[in-house]
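So the structure is just underneath, and the comments pick up after that.
What follows draws every value from the coordinates through simple rules; no lab data is involved. All values reported here derive from a predicted model rather than from experimental measurement. Virtual Cβ from ideal backbone geometry, glycine too; neighbours counted across all protein chains shown.
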């Protein structure tokens, strides 16, 4: 099973709202990722967690706040977003060590 | 110079032909290389990974790696209209970090 599950699939939020994206995997993977993808662009790395610790933050604005409650779960807390933050947000996981990563189906976020 | 470069296409091939997709990378120490397929509006799906120089075959797909030339390719034999998608090349850079750097993707169109 190479499934990574993301919820919700679609989210519309106002600029003053607070919302969270959720990601879950049960492959025993120890690395989890958040990527952002705009239309017709490749995925852009936001955060990497290794062994439940934040190991990479690609200079992401503080209105995006990641959290890794345990080895199977990854959250992305959203607050005071801008319309330009509208995108497909992708979660992925891997066993680490440069091995292959598997993506969830993504959350399509629209900020109004 | 971009870290991972791909021709954006579109690459148009007739059904049944071989599609050849190419990717170059800038960091000579990179160790892991991946090909993802992404249909419009969907998340990336891993189709091949390769770590060693040479060829790796899986069904209709062959990945080729030449570290001396910093070049990765993907061959799709007997191309089908269902192969029409964007193909993303991804590289794990050196440094022990669990991160994937994506190329811009090549759009493949297989016509009947």
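A few comments on the model shown:
- Residue exposure sequence - A:44, A:58 - by fewest surrounding Cβ within 10 Å: A:58, A:44
- Two-site FRET efficiency, residue A:53 against residue A:84, from Cβ-Cβ distance with R₀ of 30 Å, rounded to 0.05: 0.55
- Going from the residue with the fewest nearby Cβ atoms within 10 Å to the one with the most, A:27, A:32, A:46 rank A:27, A:46, A:32.
- Cα coordinate range in the protein assembly as shown, projected on the principal axes (Å, largest first): 51, 38, 37
- Semi-axes of the equivalent ellipsoid for chain B, Cα gyration tensor, largest first, Å: 23, 15, 12
- Distance from the stretch B:67-112 to the stretch A:8-31 (C-alpha centre basis), Å: 27 Å
- Extending 7 Å from Cα along the Cβ direction at residue A:7 and again at residue B:12 yields two label points whose distance is 4.5 nm.
- Partner shielding of A:45-56 amounts to 2, given as the average count of beta-carbon atoms from other chains within 10 Å of each residue beta-carbon.
- Taking the centroid of alpha carbons for each part, the stretch A:78-93 and the stretch B:4-34 are 28 Å apart.
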